[in-house]
Every structure is written in structure tokens, then in C-alpha cells.
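Structure record follows, encoded as C-alpha cells.
The values are calculated or read from the model by the stated rules, or taken from the named source; none is laboratory data. The shown structure was predicted, so the numbers you read here are calculated from the model rather than taken from an experiment. Cβ placement follows ideal geometry from the backbone for every residue including glycine, while neighbour counts extend to all protein chains displayed.
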Amino acid sequence: MDRYIVHFDLDTFFVSVERLQNSKLNGKPVIIGGLSDRGVVASCSYEARKYGVHSAMPLKMARMLCRDGVFIRGDMESYSKHSKIVTEIIAEKAPVYEKASIDEHYIDITGMDRFFGSLKWTQEMRQSIIKNTGLPISFGLSANKTVSKIATGEAKPNGELEIAPKIVQQFLNPLSIRKIPMIGEKTYKKLRSMGVGTIKTLAEIPPEMLSGLMGKNGLEIWRKAHGIDNTPVFPYSEQKSMSAETTFETDATDISYLTSVLVNRTEKLAYQLRKKSKLVSCVTVKIRYSNFDTHTLQRRIPYTAFDHELIEVVKDLFQRLYQRRMLIRLVGVRFSHLIPGTYQTSLFGNTTEMQSLYFAMDKIRNRFGKKAVRRASGIYVSQNEQ
């Protein structure tokens with residue numbers, strides 16, 4: 001039985017939400033990402049793209065390219081709200097769906113063609129989303145996640161495209177290798193230096209050669225160039241929170257020691273946030289005294305996944321919470337009100353330098369383990385070792 005996988009992608013999602021709230025932005029080059037020149041572009045309208053503006057571009061450069069652009073800081077809480085509405089519409093009718101990001105969903109509708117018609121079902125789902133949200137959305141329908149995602153890109157803006165399993169290779173062949181989801185800038189340049197520009201040329205390279213050049217990623221790229229992708233649609237379950245606690249072998253009162261433990265736990269949780277492509281907007285600190293009295297204090301914050309922001313919040317909450325100066329048995333940190341998102345968009349005013357720093361640290365952790373890079377303020381010696 002042929003598989004049928006749908007990829008839904010909300011077009012210029014952040015911009016579209018802003019336009020829902022302010023119709024005067026329609027038709028104008030809108031750029032989301034902050035008001036200072038030290039941040040980066042989180043999203044931009046098609047009108048802005050005509051000037052050469054694109055996501056992750058420094059805002060300073062975007063201002064130079066698009067002097068008539070409308071720059072907006074962005075509101076992740078509003079974007080999260082609209083994303084949730086779309087997810088609820090899909091969840092009501094979809095047999096199996098996966099929320100890949102704040103503006104993307106995959107749906108497995110294999111077998112639907114026997115009862116309703118895969119394309120008809122998908123078209124009606126798209127119209128339902130547009131009608132109930134007012135947001136433009138595109139979809140690609142094909143045999144697997146890779147081809148359906150590429151098809152969505154070809155269907156934009158606000159369009160739809162079905163690629164039947166029998167014509168997958170015919171569809172892929174003339175496209176640029178940039179269209180393959182896992183090919184980043186570094187891999188693109190390497191392949192272009194070899195004279196590889198289209199997916200057809202890439203598909204003609206022997207798999208063992210690509211594997212020798214790029215390791216296991218080379219074989220995966222070869223598969224995608226042939227439209228082969230057996231990755232399942234993972235059923236979506238929203239993670240509500242994440243937490244980390246430490247129970248001490250010996251009850252503690254040393255504020256420096258307790259703070260170091262909290263910094264350590266916060267740093268680990270923030271790394272997990274970024275690894276899972278999540279952002280947090282509510283931080284809770286918990287302490288349990290030696291007599292088992294337990295107290296918590298929480299604060300709502302702008303959505304983020306950055307250690308330095310979260311650590312300052314945790315420190316402040318702990319200072320306000322720990323007033324009795326009794327022995328402490330346990331401390332903990334909890335992140336809640338999580339949404340899908342990446343650190344590129346977590347703080348619309350962040351500098352490119354800060355984003356690059358986190359990207360580099362996480363890359364080292366991913367390769368050598370989560371303890372490979374740690375803050376000095378989060379390194380502590382347990383009480384029984386002091």
C-alpha cells in the first residue's frame with residue numbers, strides 16, 4: 001500500500017498573525033525580529049524577501065536592504081496561541097499527526113484514498129484552517145515526509161501540491177539541491193564545488209561515494225535525492241513542563257552552594273529546551289526545608305531558551321523564596337508553558353553573537369556529551385566532599 005503523508009506549513013506565520021491583528025500591514029514589507037540593530041530576522045513577508053531579506057539575517061543588514069520595511073519585535077505568546085488553534089483543528093480530524101514546529105504539521109493519511117480521497121480530504125482540511133483562523137497555509141501531499149515538505153515549498157505561497165508516488169523522481173530531478181531539507185549551507189557549498197546543482201545530478205552519484213565524502217549523512221542525502229524516506233509520522237503529545245530537582249545527602253544552608261546547584265539544574269534544563277526545540281515562559285523554583293515544609297515561587301517571562309536569561313530569573317526567585325534561613329533538604333527548578341520554537345526566535349532582540357555562542361556550545365555538547373561545556377557558576381562540590 002502506498003503511503004500518503006501531508007505536510008502543512010503556515011505561510012510567513014509570524015507576519016500573517018501580525019496582519020490578522022493589523023490589516024494596515026497587508027501588502028507591506030514586514031520584518032519580525034526586534035527593534036534594535038543587534039538582533040536577527042525571525043520572519044519576513046514575501047514583500048520583504050524581494051529586497052533580499054531572509055530569516056536569520058542580522059537586522060542591521062535587513063534595514064539597509066529594505067529601508068521601507070515595517071519592523072516589529074514579535075509576540076511569541078500570540079504566535080503560540082494561533083499555532084495551538086491550528087493544531088486543535090488538525091487534531092479533531094486527523095488520524096495521526098505530528099507537530100514538527102510552531103508552524104508545521106505532518107499528517108499520515110495512508111488508506112484515506114479508499115474511503116474519501118487523500119487529496120480531497122487534505123484540501124478540505126486546508127480550507128477549514130483558513131476559514132477558522134484567517135491564516136494562509138500551504139500543503140504538500142506525497143509518499144513520505146521529505147517529498148511532501150519539498151512539495152509544500154513549491155506550492156507556496158498559500159497553495160497546494162500533490163506529488164503521486166509514481167512521479168516522485170520526475171518531480172525532484174530539476175530542483176536545486178537546496179530543496180532537500182537536511183542540506184545546510186556547508187553541505188550545499190561542498191556539493192556545488194563538485195559541480196552538483198540539481199537533485200538529478202545528486203541522485204546519479206553512487207551512494208558509496210557520498211557516504212565516503214559525508215559519512216552516514218551522505219547515504220541519507222542520497223536516499224532523499226531518490227525520494228526515499230521511511231520516517232514515520234510521530235503522534236503528537238504536547239509536553240507541558242520539564243523539571244530538575246536535587247535532594248541533598250546533608251541538609252544545606254550555604255547560599256553559594258545552593259545557588260550553584262540551581263544554576264547547574266537550570267543550565268541542563270535550558271539545554272534540553274533547545275535540543276527539543278522548545279521555549280519556556282514560566283519558571284518555578286522549589287525548596288523543601290529539613291522539616292519537609294515545601295515552598296515554591298514562579299514568574300511568567302517572555303518566551304526564551306537561553307541560559308543567561310533563565311539563570312537570572314531562577315536566582316532572583318530563590319533569593320525571594322529563601323527567607324527562613326533553615327536547613328534545606330531539596331531544591332528544584334521547573335519550566336512550564338512550553339511551546340515549539342528555537343533559540344533563533346526565542347528573544348527577538350538577541351544579538352547574532354549570543355545566538356552563535358549558544359549554537360557552538362550546543363554543538364560541542366551534542367558531540368561530546370552534555371557535561372562538555374558548563375558554566376563555572378554551576379559547578380559545585382557536594383556537601384559530603386567539602
request  = Go through SER148, SER211 for me and flag whichever is outside any loop (DSSP other than H, G, I, E, B), touching a Phe, Trp or Tyr at 6+ places or on another chain (Cβ under 8 Å), not hydrophobic (A, V, I, L, M, F, W, C) and not assigned by TED's automatic domain parsing to the domain that holds TYR97.
outcome  = SER211
key: Of residues in segment 157-189 being out of contact with any Leu (no Cβ under 7 Å at 6 or more places or on another chain), part of a helix (DSSP H, G or I) and touching a residue at least 24 places away in the same chain (Cβ under 8 Å), the one farthest from LEU213 (Cα to Cα)   = PRO165
query = Between residues in segment 141-156 that are closer than 14 Å to HIS226 by Cα and residues that are acidic (Asp, Glu) and surrounded by fewer than 24 Cβ atoms within 10 Å (Cβ to Cβ), which pairs lie under 6 Å by C-beta distance while being six or more apart or on different chains?
reply = ASN144/ASP229; LYS145/ASP229; THR146/ASP229
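Provide a single number: the residues in segment 225-268 that are aromatic (Phe, Trp, Tyr) and within 15 Å of LYS286 (Cβ to Cβ). Explain how you work it out, then say what you get.
Of all residues in segment 225-268, those aromatic (Phe, Trp, Tyr) come to 234, 236, 248, 257.
Retained after the next criterion (residues that are within 15 Å of LYS286 (Cβ to Cβ)): 248.
Here the count works out to 1.
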request  = Please work out if SER142 is of a type in the set (Ser, Thr, Tyr), buried (at least 20 other Cβ atoms within 10 Å of the Cβ) and more than 23 Å from the chain's Cα centre (by Cα).
outcome  = yes
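Being in contact with a Ser or Thr (Cβ under 7 Å, 6 or more places away or on another chain) and crowded, with 16+ Cβ neighbours inside 10 Å is true for just one of LYS156, LYS179, LYS149. Which residue is that? So that I can check it myself, show each step before the final result.
Numbers: LYS179 fails: in contact with a Ser or Thr (Cβ under 7 Å, 6 or more places away or on another chain); LYS149 fails: in contact with a Ser or Thr (Cβ under 7 Å, 6 or more places away or on another chain).
So the residue among LYS156, LYS179, LYS149 that is in contact with a Ser or Thr (Cβ under 7 Å, 6 or more places away or on another chain) and crowded, with 16+ Cβ neighbours inside 10 Å is LYS156.
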key: Residue list for segment 165-177, filter: in contact with an Asp or Glu (Cβ under 9 Å, 6 or more places away or on another chain) and modelled with pLDDT of 95 or more   = PHE171, LEU175
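Which of the strands (runs of 3 or more DSSP E) contained wholly in segment 249-337 include at least 1 residues that are among the aliphatic types (A, V, I, L, M) and in contact (Cβ under 8 Å) with a residue 40 or more places away in the chain?
Working: elements: 278-289, 294-304, 328-336.
Hits in segment 249-337: 278-289, 328-336.
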query = Out of (1) loosely packed, with under 13 Cβ neighbours inside 10 Å; (2) touching a residue at least 12 places away in the same chain (Cβ under 8 Å), what's the single condition that is false for LEU219?
reply = (1)
query = Any chance segment 46-56 includes a residue that's surrounded by fewer than 23 Cβ atoms within 10 Å (Cβ to Cβ), at pLDDT below 90 and assigned by TED's automatic domain parsing to the domain that holds HIS7?
reply = yes
ask   = Got at least one residue in segment 296-307 being surrounded by fewer than 17 Cβ atoms within 10 Å (Cβ to Cβ) and of a type in the set (Asp, Glu)?
value = no
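Please count how many residues of segment 91-123 are part of a helix (DSSP H, G or I) and in contact with a helix residue (DSSP H, G or I) (Cβ under 7 Å, 6 or more places away or on another chain).
Residues meeting the conditions: 4.
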inquiry  = If I ask for residues that are under 21 Å from the mean Cα position of the chain (by Cα) and more than 17 Å from SER45 (Cα to Cα), which ones from segment 153-167 would you list?
reply    = none
request  = Working only within segment 64-88, note down all residues that are under 17 Å from LEU25 (Cα atoms) and part of a helix (DSSP H, G or I).
outcome  = SER78, TYR79
